[in-house]
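Let me begin by presenting the structure, written as structure tokens, before commenting on it.
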């Protein structure tokens, strides 16, 4: 059986090493907290504060065969004012796949979709995805206003990828701020430089739009410790206007968070719920047992975030 | 705002990493600073459920625990040590109440949070001096909010309001 290796050697080790290299800085840095793995809150760094965050997201199992992907993200955050936080980060990914796609074809993950393994190939690749910038501006604080409200914008630029993500962040606290709830509404058009469907020798920029509605709740059950859940609903459209929907998926799972004076650690485990439905642009064979496995949908996700303050 | 700290027993199940606590004042040091030369008689109480409800009704602030660490001060007044919810941990503080039931001083005993230690600033704490149970004690109102330390400043403000109500409803009757 043919094997296709895209810089396969030590790919997993390299991404894991990058993903967790910042752990060694814990002893000399300070920290803030990110309650959830996926859902943002309106809590921002105060003016002049700096933070380094390291994310690792493991995506596991598609329709069949094997599929693993680890997305790494190394981020630097800075509080420009008490209400405006900016961040810059690098995104990179490792993936391996075999017979994971519709009808058993080997299919690379969405960020690396420009790779074209054969249907019987064993795929293994590590890639740089792109640089991102991020700004979050808080309009209302959950501690002094009836509701926390913030707006988020994040452009990403990579060799074969562009994205402009916009997000509305709402936060409401209860029980003396020990129960934190949040809602995110995301609109994110993205562009990929890939082969044209009807002319495999030609490449062009194609686009799709991700629209997400995510909610989460977390309770501080002991000093420094909180736990809760996240519910993620992701939609993909082959348009900018909510028409030509291709995929929708729901993910649900627990989150646990430790927030200390010098660092925080947050971990979320998600499983896709069997709630997916077929739409006008759904790829045939992408839904199995009412779970969607196209593009960046998979059965399980595990995200770990570590943050350290300077 | 009214609620109980659910899942208190869960504390016993979790071993937290050692806190990087900054202790600014011990209880004895706070007593000496807030009531120089006075002597203190401990009068620790366990509030009844009825008293807790009355305090919550009067202050519109949750009572986190029925335990009240109060000292009667020679010459009149009370010294109380309590704590409020911080971002990650509790914030222990001391409240000095004079013989007329007004705030004499507020001191932050420990601060373990990453940010927000501006609540220790003397000028911010001085806003509480002279406040009684009838004061609004509202952050952004008669108490100035601290940008970048909103959670800590709000909870300290609520804590002072709650203890003033506790004094009026419970301690004042101990005199």
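Rule-based calculations on the coordinates, nothing more; no lab input. Keep in mind that this is a model prediction, so the values were computed, not measured. Backbone-built Cβ (ideal geometry, glycine too); neighbour counts: all protein chains shown.
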*Just how far, in whole angstrom, is the stretch A:114-137 from the stretch B:69-98 if you go by their alpha carbon centroids?*
56
_Span from the the stretch A:177-209 Cα centroid across to the the stretch B:144-158 one, whole angstrom_ = 40
*asked:* Which of A:275, A:94, A:55 ends up with the largest GNM mean-square fluctuation for chain A, with Cα atoms connected below 10 Å?
replied: A:275
*Treating the angle as unsigned and between 0 and 90°, give the value, to the nearest 10°, between the Cα long axis of helix A:11-20 and the longest Cα principal axis of chain A.*
10
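Would you mind getting me the FRET efficiency between residue A:197 and residue B:60? Use the beta-carbon distance for r and R0 = 56 Å, nearest 0.05. Please list the in-between numbers first.
Working: r = 63 Å, r/R0 = 1.12.
E between residue A:197 and residue B:60, to the nearest 0.05, is 0.35.
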*For B:157, A:81, B:39, A:41, what ranking results if the residue with the fewest other Cβ atoms within 10 Å of its Cβ goes first?*
B:39, A:81, A:41, B:157
*What residue among B:165, B:105, B:38 shows peak mean-square fluctuation when chain B is described by a Gaussian network model with Cα springs under 10 Å?*
B:38
_Fewest-first sequence of A:299, A:50, A:201 by Cβ atoms within 10 Å of each Cβ_ = A:201, A:50, A:299
*Between the stretch A:231-263 and the stretch B:21-62, the alpha-carbon center distance in angstrom*: 46
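How much length is gained if the chain between residue B:43 and residue B:67 is pulled fully straight, taking 0.36 nm per residue apart and subtracting their Cα-Cα distance, in nm to one decimal?
Working: separation 24, 0.36 × 24 = 8.64 nm, distance 1.10 nm.
Extra length from residue B:43 to residue B:67 when fully extended: 7.5 nm.
Can you give me the relative contact order of chain A as a percent, contacts being Cα pairs under 8 Å and 6 or more apart?
Details: 932 pairs, mean separation 61.7, N = 310.
Reported as a whole number, the value is 20 percent.
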*For peptide A:220-228, how many partner chain Cβ atoms fall within 10 Å of a residue's Cβ, on average?*
6
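Report, as an integer, the average count of C-beta atoms from other chains found within 10 Å of each Cβ along A:92-102. Write down the numbers at each step before the final one.
Values: counts 0, 0, 0, 0, 0, 0, 0, 0, 0, 0, 0.
Mean partner shielding for this stretch: 0.
Quick check on the protein assembly as shown: of the DSSP beta bridges with both residues there, what percent are antiparallel, nearest 5%?
Working: 166 of 171 bridges.
In the protein assembly as shown, approximately 95 percent of DSSP beta bridges are antiparallel ones.
Is there a simple number for the mean count of other chain Cβ atoms within 10 Å of the Cβ of residues in A:255-262, and what is it?
Values: counts 0, 0, 0, 4, 5, 10, 13, 3.
That works out to 4 on average.
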_Along the Cα→Cβ direction, 7 angstrom out, place labels at residue A:84 and residue A:215. What is the inter-label distance in nm?_
3.3
*Based on other C-beta atoms within 10 Å, arrange B:57, A:203 from fewest to most.*
B:57, A:203
